[in-house]
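K.L.:
Okay, handing you the structure first.
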Amino acid sequence: DGGITQSPKYLFRKEGQNVTLSCEQNLNHDAMYWYRQDPGQGLRLIYYSQIVNDFQKGDIAEGYSVSREKKESFPLTVTSAQKNPTAFYLCASTTATRTEAFFGQGTRLTVV
Amino acid sequence: QKEVEQNSGPLSVPEGAIASLNCTYSDRGSQSFFWYRQYSGKSPELIMFIYSNGDKEDGRFTAQLNKASQYVSLLIRDSQPSDSATYLCAVNPPGSGGYNKLIFGAGTRLAVHP
């Protein structure tokens, strides 16, 4: 079945530690996105990418980094510079011709 | 002013009734509008999208768009307890360059009671 797979589902980070969230899609979608959701709030765009080896900052990119080495993969690293990383992280993808975004199941990151 | 505004709710409706969810957006040049449903602890799932003024129906769901009033709504007919969730309105603003750089509202929580 085609879809977007995020892993892990739950992740715990210690203070000062970098962690990487995985996002893989087999939908052959061109564009991929990372959003962050805080309790009671809408989603906010972190980074997005249209093609391999190219990505752009979204509204809240500080403290995050991404790579797009393969069309299918768009991992997100939450660095120690992100002071408030506890949130629900969602990866999404779209085709080049349609704008509807489809989401993975999300990763819930907690700082311990 | 928030770019996409929704009443946080909860909106409580009896089973079988029509639920009406509303959303306003600030950027008049926005072109694409989406409604997502999100169950607690889960990721959003797309319900409807609408690009043109007027109504668009899909089963029990109807999306309504009024660009002059910068208003988009979602009607759910014959509401079921399984419709109880948070409904997120999302807008693709102008200047997105073909990307789906959605701006989301905070969502409206819908509770359908038997």
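K.L.:
Treat each spin label as a single point 7 Å out from the Cα along the C-beta direction, and report the A:F12 to B:S12 distance in nm.
P.N.:
According to this spin-label approximation, the distance is 3.7 nm.
K.L.:
Right, next: Report, in debye and to the nearest 20, how large the dipole of chain A comes out about its Cα centre when Lys and Arg carry +1 and Asp and Glu carry -1 on their Cβ.
P.N.:
280
K.L.:
Mind checking the mean number of beta-carbon atoms from other chains within 10 Å of the Cβ atoms in B:103-111? Walk me through the numbers before you get to the answer.
P.N.:
On the way: counts 5, 7, 3, 6, 5, 0, 1, 0, 0.
Per residue, the number of nearby Cβ atoms from other chains is 3 on average.
K.L.:
State the percent of C-alpha pairs, over all pairs in the stretch A:4-54, separated by a distance greater than 16 angstrom.
P.N.:
Everything past 16 Å amounts to 58 percent.
K.L.:
I'd like the GluC sites (Glu not before Pro) in the stretch A:18-112 restricted to DSSP loop residues with at most 15 other Cβ atoms within 10 Å, sorted by number. Don't skip to the end; give the middle numbers.
P.N.:
Values: sites: A:E24, A:E62, A:E69, A:E72, A:E100; in loops: A:E62, A:E69, A:E72, A:E100.
Taking the stretch A:18-112 and a limit of 15 other Cβ atoms within 10 Å, the loop GluC sites (Glu not before Pro) found are A:E62, A:E69.
K.L.:
Let me ask you something else. Compute a Gaussian network model of chain A, connecting alpha carbons closer than 10 Å, and tell me which residue from A:P85, A:P75, A:P39 fluctuates the most.
P.N.:
Residue with maximal mean-square fluctuation among A:P85, A:P75, A:P39: A:P39.
K.L.:
Could you tell me the total accessible area buried at the A-B interface, probe 1.4 Å, in square angstrom to the nearest hundred?
P.N.:
1800
K.L.:
Would you mind finding the longest exposed-site-free stretch of chain B, with exposed GluC sites (Glu not before Pro) meaning DSSP loop and at most 15 other Cβ atoms within 10 Å? Before the final figure, lay out the partial values.
P.N.:
On the way: sites that count: B:E3, B:E15.
Here the longest run is B:16-114.
K.L.:
About the Cα centre of chain B, what is the dipole size in debye to 20, counting +1 per Lys and Arg Cβ and -1 per Asp and Glu Cβ, all else neutral?
P.N.:
Working: 10 positive and 10 negative charges, 46 e Å.
Charge dipole, chain B, about its Cα centre: 220 debye, nearest 20.
K.L.:
Could you provide, to the nearest whole Å², the per residue accessible area of the stretch A:1-95 with probe 1.4 Å?
P.N.:
Per-residue value: 48 Å².
The values are calculated or read from the model by the stated rules, or taken from the named source; none is laboratory data. Nothing here was measured: the structure is a model prediction, and the numbers come from that model. Using ideal geometry, Cβ is built from the backbone for each residue, glycine included, and neighbour counts are taken over all protein chains shown. Ligands, DNA and RNA are excluded from the accessible area calculation, which covers all protein heavy atoms including side chains. Shrake-Rupley method; radii C 1.70, N 1.55, O 1.52, S 1.80 Å.
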